[in-house]
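A short worksheet on the structure shown next.
The values are calculated or read from the model by the stated rules, or taken from the named source; none is laboratory data. Computed from a predicted structure; not experimentally measured. As a convention, Cβ positions derive from the backbone with ideal geometry for all residues, glycine included, and neighbour counts pool all protein chains shown.
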Amino acid sequence: MRITTAVPDDLAQLLAFRVEAASWIGKLGSDQWSRPYPADRLLATIEAGTVFMLRDGTRTAGTITLTPEAEEGLWTPEELGEASIFVNKLTVSRDYAGENLGGRLLDWAGDRAYRSSAKWLRLDAWTDNAALQRYYLQHDFEYVRTVREGGAVNGGPRVSGWLAQRLAGPAQHGFEDQTPSPPAL
């Protein structure tokens, strides 16, 4: 399998992944990703070069978005002073469930963060999705804290404020990396 940078033609696949993931997560009892994601915002992240696709031949097996910017209001100024890469929208096709592709994508992300001189690979997860939180803990992330206030709508409750991090470092992920070298932070 190989990792490539997403292109605008991947937009429909990414939106379909989101619908598939929301359906699966909903069956597990979570409302995570139940709202449609704006296509124009997703296209902007693709055009910014922050979305990556895991490809298996002509099929897309997964995706991950990596940014050097954190969502506002989650991390302290001291934490933001440490070079970090932030994981967003990690999704693996249900056709590939159980193959540890998500874990390997996280390893690739940690390796990419390391190559960009980041100290941390960080993320925020849905505050009431305990299974997802356990997943990240099983993949060497350490819980930092949960931010419950200051959501995007009028400062109300935050739905994705469970914070975790792990040190960036070299990793053997087993993917053929066809992406450009990451820019230094």
Of the conditions (1) touching a residue at least 40 places away in the same chain (Cβ under 8 Å); (2) among the hydroxyl-bearing types (Ser, Thr, Tyr); (3) touching a Lys or Arg at 6+ places or on another chain (Cβ under 7 Å), the single one that residue 65 does not satisfy is (1)
Listed by range, helices (runs of 4 or more DSSP H) wholly within the range 69-185 having at least 2 residues that are in contact with a strand residue (DSSP E or B) (Cβ under 6 Å, 6 or more places away or on another chain) are 101-115, 130-138
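Can you give me the number of residues within the range 75-106 that are β-branched (Val, Ile, Thr) and touching a residue at least 60 places away in the same chain (Cβ under 8 Å)?
2
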When (1) modelled with pLDDT of 95 or more; (2) buried (at least 21 other Cβ atoms within 10 Å of the Cβ); (3) within 18 Å of residue 5 (Cβ to Cβ) are applied to residue 90, the one that fails is (1)
>> When you check residue 141 against the structure, is it hydrophobic (A, V, I, L, M, F, W, C) and farther than 18 Å from residue 48 by Cβ, yes or no?
In response: yes
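Among the candidates 125, 70, 130, 83, single out the residue that is surrounded by fewer than 19 Cβ atoms within 10 Å (Cβ to Cβ), under 27 Å from residue 11 (Cβ atoms) and of a type in the set (A, V, I, L, M, F, W, C).
Working: 125 fails: surrounded by fewer than 19 Cβ atoms within 10 Å (Cβ to Cβ); 130 fails: under 27 Å from residue 11 (Cβ atoms); 83 fails: under 27 Å from residue 11 (Cβ atoms).
Testing whether each residue is surrounded by fewer than 19 Cβ atoms within 10 Å (Cβ to Cβ), under 27 Å from residue 11 (Cβ atoms) and of a type in the set (A, V, I, L, M, F, W, C) leaves just 70.
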Per the filter on the range 76-97, residues among the hydrophobic types (A, V, I, L, M, F, W, C) and within 21 Å of residue 110 (Cβ to Cβ) are 80, 83, 85, 86, 87, 90, 92
Residue count, the range 21-45, condition farther than 13 Å from residue 89 by Cα and either modelled with pLDDT of 75 or more or of a type in the set (D, E, K, R) (or both), comes to 7
- [ ] Report whether or not residue 109 is free of Cβ contacts under 8 Å to residues at least 24 places away in the same chain and either crowded, with 21+ Cβ neighbours inside 10 Å or not aromatic (Phe, Trp, Tyr) (or both).
- [x] no
Residue 149: passes all of (1) exposed (fewer than 13 other Cβ atoms within 10 Å of the Cβ); (2) among the acidic types (Asp, Glu); (3) modelled with pLDDT of 90 or more but (3)
